1. Tell me, what HN-Hα J-couplings in whole Hz come from the Karplus equation 6.51 cos²θ - 1.76 cosθ + 1.60 at θ = phi - 60° for each residue of the stretch 100-107, using x for Gly and Pro?
2. Listing TYR173, TYR56 from the residue with the fewest other Cβ atoms within 10 Å to the one with the most, what is the order?
3. Relative to the Cα centre, what is the charge dipole magnitude of the stretch 48-103, using +1 at the beta carbon of each Lys and Arg, -1 at the beta carbon of each Asp and Glu, and rounding to the nearest 20 debye?
4. Skipping prolines and chain starts, which residues have an amide H placed within reach, meaning under 5 Å, of the one on LEU53, given they are 5 or more residues away or on another chain?
5. For labels at GLU149 and THR57 in the simple 7 Å Cα→Cβ model, what's the distance in nm?
6. Taking amide hydrogens as modeled 1.01 Å from N in the peptide plane, which residues meet the under 5 Å criterion relative to GLN145, leaving out close sequence neighbours?
7. Rank these for me by crowding, ILE102, ILE72, ILE93, going from fewest to most other beta carbons within 10 Å.
8. Note the full-extension length gain between ILE93 and ALA140 as 0.36 nm times their separation in residues minus their Cα-Cα distance, in nm to one decimal.
Amino acid sequence: MSELPSTINQTASEHGEDSTDLAAQENWRALRFQAAGCRLAASIEGVVELIKLPVYTRLPNVQPWLLGVSNIRGHLVPLFDLSLFFCRQSRAIENQRRLLIIEHNTQLTGLVVDKFEGMRDCTDAQEPSPQSELPVAMQAFVSGQVKSEGMLWHRFDAERLLNHAAFTEVSVYNEIINE
């Protein structure tokens, strides 16, 4: 998946952003997006690609947030809907939804977000993240706030999500056995 620089830079330019300006700045770079009605910013570290939601094949007997799998450049990638995982139905227009492909422990995982808001430099905000604004299911995956272009965004920790047992247990049979 060596297409990261060209893919991310192409996506940035499609949104009117100059990726060379971003590289020259001191702040950490983040992908800003919406999921479950919240504005989130996540580090670009580990993000391999950002694409439109591809065609995918549904899988039987899995949690509803695992939409299915898709063949992305010869790799089978599971597609997880963040809004559904956070217990909210997406209200996004289908053609606005995007897939963040993240490499984690040598595996690719696709996180479906409701809307991509751009790639920008961010600084950590001094204000604590108001947890009351977040769905309860999301609170464990937010580690404060960041400031970007004068707006506050919740700092989303994708690695924490990908390591969390509730996220990785996708079989509906696990729920039946544990009840």
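1. Using θ = phi - 60°, the values come out as 8, 9, 10, 8, 9, 6, 6, 10 Hz.
2. Values: TYR173 10, TYR56 18.
Exposure proxy ranking, most exposed first: TYR173, TYR56.
3. Working: 7 positive and 4 negative charges, 35 e Å.
The dipole of the stretch 48-103 has a size of about 160 debye.
4. Here LEU99 satisfy the definition.
5. Going from the GLU149 label point to the THR57 one covers 3.9 nm.
6. ALA125, SER129, ARG155
7. Numbers: ILE102 22, ILE72 19, ILE93 9.
With the sparsest Cβ surroundings first, the list reads ILE93, ILE72, ILE102.
8. Numbers: separation 47, 0.36 × 47 = 16.92 nm, distance 2.69 nm.
Between ILE93 and ALA140, full extension yields 14.2 nm more.
Just so you know, all these numbers are worked out from the coordinates, no wet-lab data involved. Note that the structure is predicted; figures quoted are calculated from it, not measured. Every residue, glycine as well, gets a Cβ built from its backbone with ideal geometry; the counts of neighbours run over all protein chains shown.
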